[in-house]
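**Q** Structure in structure tokens, see below.
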There are 2 protein chains.
Amino acid sequence: MSDRGVLMAIGGHEDKDGDREILKEVARHVDGGVLVLATVASREPEAYLEMYEKAFADLGVKAIRELYINERAEASDPDKLSVFDDAAGVFFTGGDQLRISSQVGDTPVEVRVRELLSRGAVVAGTSAGASMMSETMLVRGPSSESYRIGDLHMAPGLGLVRDMIIDQHFAERGRIGRLLGAVAHNPRVLGVGIDENTSAIFEGDEMRIIGAGAVYVVDGTDVGHSNVAEADPDQALSMHDVRLHVLSAGDSFDLQRRRPLPRS
Amino acid sequence: MSDRGVLMAIGGHEDKDGDREILKEVARHVDGGVLVLATVASREPEAYLEMYEKAFADLGVKAIRELYINERAEASDPDKLSVFDDAAGVFFTGGDQLRISSQVGDTPVEVRVRELLSRGAVVAGTSAGASMMSETMLVRGPSSESYRIGDLHMAPGLGLVRDMIIDQHFAERGRIGRLLGAVAHNPRVLGVGIDENTSAIFEGDEMRIIGAGAVYVVDGTDVGHSNVAEADPDQALSMHDVRLHVLSAGDSFDLQRRRPLPRS
């Protein structure tokens, strides 16, 4: 990442009424300023504002402004865009990542999100809001089964992180198969699977982990064989010599060198 | 493996009324002889004999003899043991792997199973019948979540394979977390996770894969850090530099060298 800001990819179901470790980290970066709550991933965004206002209430986030984009044209509307004026961060809620990419991708809203990052603000996203940060994102695709080489369910994401595919609800929905399949298509991308109530935080070239679960890093650099380009779409994936790191709270990872960093 | 026989570990739910690829492979090894159906893993074994007689009916298995052990003492009963006379193989059905190890472990039944292997016969097991082949076996333990270092649900298995932990229903039940946790305890053991309707077949020092799904091989040889011996049992697993192979039909694996073999 060349931006100065902080990117928080959250695996969904972050704690909202207990110790709220992940929301606390968002609030720490917002630092008393205004947080934009982007509910565009959802088709029923009504409940989110109240839910997050309540969750953030005593964490020092003074003002939350909702941004909902129902039609793509609204993503160029100056009134809508004004929510970003003086904002200290943006939080993308869950839903369908295709709604984020199709409504907001390559629009002035995306420009404003990138501006936030480049001036050092925080951009957080949970569930679909984490997936859309990928360059090429996983859209659908089977959970709790091994990857079959005919399964192609990817789409261009916002690309807030480079050379990476982020998946969420990871252990909970048994998604290692589809992340391995995604990486097999081009091991240039690093696979990052994030459990619920867990966040991968990107600052500079470092990723660090907070929260209750694990983050799985799938590195295909050394893969010497995969069958992903073979003919039969029903064939199960074969992929040799994947390097897998299981990271949890306290771990951090050097994205340039693709190496876990020693624990402090 | 130092035995001459064939060991077939099946991930559960092998096809019983379609092309029955896995049962065909069992039948091929039984080669017209008698198959012992060991239903000891189940508390309600009544339906299994009929089910497998039907599934094997036109595959050339002429005679199936059921072996059920309700109490451990029965595993020394000469009448029970006589089912093994002239048998060409044994098939362990599913249920609870603790029932197999506690009723049959270190009894004359186990001796007869090992004799079968040493004279070149086939020993197959599905689901619990696959798990029990491990030296140390996974018993319970969470599915669809990341491993927490306090989760210890292992017990001594029959050890028909050495230096290995076999898990089953693997992708379907999201079990990568618990297999990684098991390997973290001692990377001497290779983790082998088998999908449903899929079999890892052990002959000599080679493992080969048949069936519809994948077999995941977790090799902890290069792991430079894990937190599995740390104090807090609720902490999620951290484990760096796991080598993971995803194998599917047509793949084989050298167990001595821990390397996938080139596809023929």
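The values are calculated or read from the model by the stated rules, or taken from the named source; none is laboratory data. Here the structure is a predicted model, which means the values were calculated and not measured. All Cβ positions, glycine included, derive from the backbone under ideal geometry; neighbour counts span all protein chains shown. In case anyone asks, the SASA skips ligands and DNA or RNA and just uses the protein heavy atoms, side chains included. Shrake-Rupley method; radii C 1.70, N 1.55, O 1.52, S 1.80 Å.
**Q** How much accessible area per residue does the protein assembly as shown have, in Å², with a 1.4 Å probe? Before the final figure, lay out the partial values.
**A** Numbers: 19900 Å² over 528 residues.
Accessible area per residue: 38 Å².
**Q** Sticking with this one: For A:T136, which sequence-distant residues (separation of 5 or more, or a different chain) have an amide H within less than 5 Å of its own amide H, given hydrogens modelled in the peptide plane?
**A** A:G157, A:M164
**Q** Please compute the average number of Cβ atoms from other chains found within 10 Å of each residue's Cβ in peptide A:143-151. Mind showing how you got there, number by number?
**A** Details: counts 3, 9, 9, 14, 4, 4, 1, 0, 0.
The mean count of partner-chain Cβ atoms within 10 Å per residue comes to 5.
**Q** Just for the Cα atoms in segment A:196-238, what are the lengths along the principal axes, largest first, rounded to whole Å?
**A** Here the spans come out as 40, 23, 12 Å, largest first.
**Q** Sticking with this one: Roughly how far apart, in whole Å, are the Cα centres of segment B:218-264 and segment B:47-96?
**A** Taking the Cα centre of each part, segment B:218-264 and segment B:47-96 sit 35 Å apart.
**Q** Expressed in whole Å with the largest first, what are the equivalent ellipsoid semi-axes of chain A derived from the C-alpha gyration tensor as the square root of 5 times each eigenvalue? Please report the intermediate quantities before stating the final value.
**A** On the way: eigenvalues 185, 83, 53 Å².
Taking √(5λ) for each eigenvalue gives 30, 20, 16 Å, largest first.
**Q** Can you compute the helix-only [θ] at 222 nm over chain A? Use -39500 (n - 2.57) per DSSP H run of at least 4 residues, normalise by all residues, nearest 500 deg cm²/dmol.
**A** Values: 7 runs with 58 residues, N = 264.
So the calculated ellipticity at 222 nm is -6000 deg cm²/dmol.
**Q** Moving to a separate point now. Starting from the Kirkwood Rh over alpha-carbon pairs, what translational D in µm² s⁻¹ does segment B:1-138 have by Stokes-Einstein at 10 °C and 1.306 mPa s?
**A** Details: Rh = 14.7 Å.
In µm²/s, the coefficient rounds to 108.
**Q** Within 10 Å of each Cβ in peptide A:245-253, how many partner chain Cβ atoms are there on average? Round it to a whole number, please. Write down the numbers at each step before the final one.
**A** On the way: counts 7, 17, 5, 10, 4, 5, 6, 0, 1.
Average per residue, whole number: 6.
**Q** While we're looking at this one, here's another question. Determine the shielding of peptide A:168-180 by partner chains: average, over its residues, the number of Cβ atoms on other chains within 10 angstrom of each Cβ. Please list the in-between numbers first.
**A** Details: counts 0, 1, 6, 12, 5, 2, 11, 4, 11, 10, 1, 0, 5.
If you average over the peptide's residues, the count of other-chain Cβ atoms is 5.
**Q** Ok, one more. Using +1 on the beta carbon of Lys and Arg, -1 on that of Asp and Glu, and nothing else charged, what's the dipole of the protein assembly as shown about the Cα centre, debye to 20?
**A** Values: 56 positive and 86 negative charges, 181 e Å.
Charge dipole of the protein assembly as shown: 860 debye, to the nearest 20.
**Q** How big is the dipole moment of segment B:6-261 about its Cα centre under a simple scheme where the beta carbon of each Lys and Arg is +1, that of each Asp and Glu is -1, and everything else is neutral? Debye, nearest 20, please.
**A** In debye, rounded to 20, segment B:6-261 gives about 340.
**Q** Using mean Cβ contacts within 10 Å as the protection proxy, how do B:194-203, A:6-15, B:43-52 order, highest first? Working shown, then result.
**A** On the way: B:194-203: 25.7, A:6-15: 24.0, B:43-52: 14.1.
Final packing ranking: B:194-203, A:6-15, B:43-52.
**Q** Taking the DSSP beta bridges in the protein assembly as shown as the whole, what percent of them are antiparallel, to the nearest 5? Write out the running numbers ahead of the final one.
**A** Working: 71 of 117 bridges.
Just about 60 percent of them are antiparallel.
**Q** Continuing with this model, one more query. Run the accessible area of segment B:132-180 with a 1.4 Å probe and give the carbon-and-sulfur part as a rounded percent.
**A** Values: 700 of 1530 Å².
Answer for segment B:132-180 is 45 percent, counting heavy atoms of protein chains only.
**Q** For the protein assembly as shown, what is the per residue volume of the convex hull drawn over the alpha-carbon atoms, in cubic angstrom?
**A** Considering the Cα atoms of the protein assembly as shown, their hull volume per residue is 152 Å³.
**Q** Turning to a different aspect of this structure: Please give the helix B:21-30 orientation as an angle from the longest Cα principal axis of chain B, in degrees from 0 to 90, rounded to the nearest 10.
**A** Orientation of helix B:21-30: about 50 degrees from the principal axis.
**Q** Another question about this same structure. Two decimals, Cα atoms only, Kirkwood Rh: what is Rg/Rh over segment A:137-264?
**A** Values: Rg = 14.2 Å, Rh = 14.9 Å.
Radius of gyration over Kirkwood radius for segment A:137-264 works out to 0.96.
**Q** Have a look at A:G12, A:L23, A:G33 and report the one farthest towards the positive end of the charge dipole of segment A:1-75, computed about the Cα centre with Cβ charges (Lys/Arg +1, Asp/Glu -1).
**A** Ranked along the dipole, the leading option is A:G33.
**Q** What FRET efficiency would be calculated for the residue pair A:D205, A:E66, taking the C-beta separation as r and a Förster radius of 45 Å, to the nearest 0.05? Walk me through the numbers on the way to the answer.
**A** Details: r = 33 Å, r/R0 = 0.73.
Here the calculated transfer efficiency is 0.85.
**Q** Can you quote the Å³ per residue value for the convex hull of the Cα atoms in segment A:81-135, rounded to an integer? Display every interim value, and only then the final one.
**A** Numbers: hull volume 4.3 nm³, N = 55.
Here the figure is 78 Å³ per residue.
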